[in-house]
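**Student:** Below is a structure I'd like to ask you about.
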Amino acid sequence: MYAQMVKSTGAGVKSREEMSAEEAAFQDRIDADIKIEPKDWMPEGYRKTLIRQIGQHAHSEIVGQLPEGNWITRAPTLERKAILLAKVQDEAGHGLYLYAAAETLGVSRDELTEQLLDGRMKYSSIFNYPTLNWADIGAVGWLVDGAAIMNQVPLQRTSYGPYSRAMIRICKEESFHQRQGYDIMMKMAQGTEAQKKMAQDALNRLWYPSLMMFGPSDKDSVHSAQSMAWKIKMDSNDELRQKFVDQTVPQAEYLGLTVPDENLKWNEEKGGYDFSEPDWDEFFDVLQGNGPCNVDRMEKRNAAWDNGAWVREGLMAHAEKRAVLKTAAE
Ligand code: 3HC
């Protein structure tokens with residue numbers, strides 16, 4: 001598996017005996033649910049893991065605007081257009097909160113952006129799938145934002161203060177996003193036969209990519225053990241995936257749609273559904289840049305960055321001018 005190729009799966013979590021006095025004191029604070037703030041001492045691995053996770057999350061919000069922004073001009077009514085526009089703007093705001101949280105760890109937004117644009121940093125696999133018709137916009141809100149909330153609600157309790165506070169603000173908006181998506185699905189599923197077919201087709205195509213959003217299965221997750229010990233992650237990938245399936249299947253039933261999984265079955269004993277795993281080869285292939293939209297997404301983000309150079313230069317020139325005037329006045 002790809003994850004195993006790049007890093008060993010050894011959990012690598014230090015035992016109490018292996019920790020230095022500083023590390024043990026740090027772990028005590030984590031265990032006591034005391035938030036870590038930017039000026040507090042932290043292990044280098046903690047700082048790096050946060051930058052990786054928060055940065056990847058921020059990039060996901062920014063790249064995630066593309067599949068939906070693509071539909072703003074084609075939304076079926078003025079109301080739907082206004083709602084979609086607001087949602088896409090929210091995603092930009094989420095990206096900015098998260099970049100700001102990452103900056104408190106000593107990395108600039110520009111550095112993170114450069115790493116996204118030259119392929120050194122990842123963004124969520126889901127945004128490498130296309131949105132082919134209006135029902136896809138409903139399914140994205142319902143499933144993709146639904147999966148995002150399932151992952152992000154626990155992150156409100158994450159151990160790093162700025163990340164936790166950013167997540168509290170983000171989660172409020174994500175739940176609106178999920179509801180607007182479900183509302184589109186309701187209209188489509190209760191519409192004409194053709195509309196219902198579109199809704200089912202969107203569910204068929206986006207179901208497994210949504211399950212992949214939670215990351216590889218626990219046995220292949222290289223970071224989970226350490227991230228959970230540091231409370232950077234609150235639940236494992238498989239735990240969240242299970243919760244998502246349990247929550248979403250009844251919603252699909254209510255819509256009169258069929259989850260595309262022949263093995264889906266309620267398991268009384270575990271109190272949850274048994275379900276088929278996504279195709280993990282496809283997941284790792286998408287991570288390596290071979291999804292249907294990877295190239296297009298990166299071309300669009302690179303073009304946006306290049307086309308915005310004059311704005312950044314103008315702002316910097318303005319800030320420098322003001323600084324000179326301020327110094328002269330003093
Ligand atoms: N897409 C892309 N890469 C993924 C991934 C996914 N769905 N799931 C895992 N990976 C990558 C990891 O980044 C890691 O690669 P790396 O070592 O090169 O960084 C590798 O696969 C191994 O996976 P792990 O399980 O060990 O990785 P993590 O412990 O980081 O867990 C995660 C992955 C659950 C996504 C975790 O990073 C996380 O909870 N992140 C915060 C939430 C987030 O990023 N959400 C993005 C969703 S989209 C969104 O929020 C936008 C909204 O508007 C819809």
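Please treat every number below as a calculation from the coordinates, not as lab data. It should be emphasised that the depicted structure is a prediction, and the values quoted were computed from it without experimental measurement. As a convention, Cβ positions derive from the backbone with ideal geometry for all residues, glycine included, and neighbour counts pool all protein chains shown.
The rows are residues; the columns are (1) away from the ligand (no atom under 16 Å from the Cβ); (2) not hydroxyl-bearing (Ser, Thr, Tyr).
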position: Met188; (1), (2): yes, yes
position: Met198; (1), (2): yes, yes
position: Tyr208; (1), (2): no, no
position: Ser227; (1), (2): no, no
position: Gln247; (1), (2): no, yes
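**Student:** With respect to Glu79, is the statement that it is free of Cβ contacts under 8 Å to residues at least 40 places away in the same chain and assigned to a helix (DSSP H, G or I) true?
**Tutor:** The answer is yes for Glu79.
**Student:** Specify which of the listed residues (Arg301, Arg297) is among the basic types (Lys, Arg) and within 28 Å of Met198 (Cα to Cα).
**Tutor:** Every option except Arg297 fails the conditions.
**Student:** Continuing with this model, one more query. I need a count of the residues in the range 115-140 that are in a helix (DSSP H, G or I) and near the ligand (Cβ under 9 Å from one of its atoms).
**Tutor:** Total meeting the criteria: 5.
**Student:** Which of the residues belonging to the range 22-50 are within 16 Å of the ligand (Cβ to nearest atom), under 11 Å from Trp230 (Cα atoms) and free of Cβ contacts under 8 Å to residues at least 40 places away in the same chain?
**Tutor:** Selection gives nothing.
**Student:** Follow-up question, since we're still on this one. Just give me the residues in the range 94-109 being outside any loop (DSSP other than H, G, I, E, B), in contact (Cβ under 8 Å) with a residue 60 or more places away in the chain and not hydroxyl-bearing (Ser, Thr, Tyr), in sequence order.
**Tutor:** His94, Leu98, Ala100, Ala101
**Student:** Restricting the range 57-73 to residues that are surrounded by fewer than 18 Cβ atoms within 10 Å (Cβ to Cβ) and in a helix (DSSP H, G or I), which is nearest to the ligand (Cβ to nearest atom)?
**Tutor:** Residue satisfying both the conditions and the ranking: Ile72.
**Student:** Among the helices (runs of 4 or more DSSP H) confined wholly to the range 176-282, which include 3 or more residues that are without any contact (Cβ under 8 Å) to a residue 60 or more places away in the chain?
**Tutor:** Of the helices (runs of 4 or more DSSP H) lying wholly inside the range 176-282, those with at least 3 residues that are without any contact (Cβ under 8 Å) to a residue 60 or more places away in the chain span 193-212, 237-255.
**Student:** Tally time: how many residues in the range 266-313 are among the aliphatic types (A, V, I, L, M), surrounded by 16 or more Cβ atoms within 10 Å (Cβ to Cβ) and out of contact with any Gly (no Cβ under 9 Å at 6 or more places or on another chain)?
**Tutor:** The number of residues fulfilling the criteria is 2.
**Student:** State which residue pairs qualify: first residue over 12 Å from Gly289 (Cα atoms) and inside the range 110-122, second residue within 16 Å of the ligand (Cβ to nearest atom) and assigned to a loop (DSSP other than H, G, I, E, B) in any location, beta carbons under 6 Å apart, and separation of 6 or more residues or different chains.
**Tutor:** Sorted first by the residue in the range 110-122, then by its partner, the pairs are Gln115/Met121.
**Student:** Moving on. Residue under question is Lys81, and the condition is that it be of a type in the set (D, E, K, R), surrounded by fewer than 16 Cβ atoms within 10 Å (Cβ to Cβ) and more than 10 Å from the ligand (Cβ to nearest atom); does it hold?
**Tutor:** yes
**Student:** Which ones in the range 160-186 are more than 14 Å from the chain's Cα centre (by Cα) and either at positive phi or buried (at least 24 other Cβ atoms within 10 Å of the Cβ) (or both)?
**Tutor:** Tyr160, Ile184, Met185
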